[in-house]
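These notes are about the structure you will find just below.
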Amino acid sequence: MRVKTVLFIALSIVAVAAAFPIEAFKVTGVSASVSEPEYRGFCPHRFVFTGRITVNRGGTVRYRWLRSDGSAYPEKTLAFAAAGTKTVSDYWELGGAMGTYRDRWLRLEILAPNSLLSNKAVFDLECIPQV
């Protein structure tokens, strides 16, 4: 009798788990934007970037910012208590006394729990001399 009860409970748990599978934690969306797509003025100038990371349930995301010049920012983590979207930000300051920088960008790279890349947040910079 006891073995039948244990077997029944085990089979019931398997049936419920099959009927209601638990989806693995993952990033379902990521995007990036820049504060100013174009700047012409005195340099150096700081561009501020905002990223939005969306997940399907609670967990921890590992991410970093990638730059058009090949540099990568240090890895960071972001904890979620439940499904939803959170915002992250960073900046890139560049430009000498003079110079033009076209089609520069930052983008978010999701490293874990799954691999994902955001769009490129593109900007142009034209430095003018200070008189």
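The values are calculated or read from the model by the stated rules, or taken from the named source; none is laboratory data. Here the structure is a predicted model, which is why all the values come from computation and not from measurement. Positions of Cβ are generated from backbone atoms using ideal geometry, with glycine treated the same way; all protein chains shown enter the neighbour counts. Surface accessibility is based on the protein's heavy atoms, side chains included, excluding ligands, DNA and RNA. Shrake-Rupley method; radii C 1.70, N 1.55, O 1.52, S 1.80 Å.
The table that follows gives values for the structure above.
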| item | result |
| --- | --- |
| Hits in the stretch 46-67 - residues which are surrounded by 14 or more Cβ atoms within 10 Å (Cβ to Cβ), touching an Asp or Glu at 6+ places or on another chain (Cβ under 7 Å) and either touching a residue at least 40 places away in the same chain (Cβ under 8 Å) or assigned to a strand (DSSP E or B) (or both) | 47, 49, 62, 63, 64, 65, 66 |
| Within the stretch 1-45, considering residues that are in a helix (DSSP H, G or I) and of a type in the set (D, E, K, R), the one modelled with the lowest pLDDT | 4 |
| Given (1) assigned to a strand (DSSP E or B); (2) surrounded by fewer than 17 Cβ atoms within 10 Å (Cβ to Cβ), index of the condition residue 88 fails | (2) |
| When residues of the stretch 30-45 are limited to those that are hydroxyl-bearing (Ser, Thr, Tyr) and under 13 Å from residue 108 (Cβ atoms), the one least open to solvent (accessible area, probe 1.4 Å) | 31 |
| Test: residue 101 is touching a Leu at 6+ places or on another chain (Cβ under 7 Å) and of a type in the set (Ser, Thr, Tyr) | yes |
| Pick from the stretch 91-131, criterion under 15 Å from the mean Cα position of the chain (by Cα) and not in a strand (DSSP E or B), ranking: surrounded by the most Cβ atoms within 10 Å (Cβ to Cβ) | 118 |
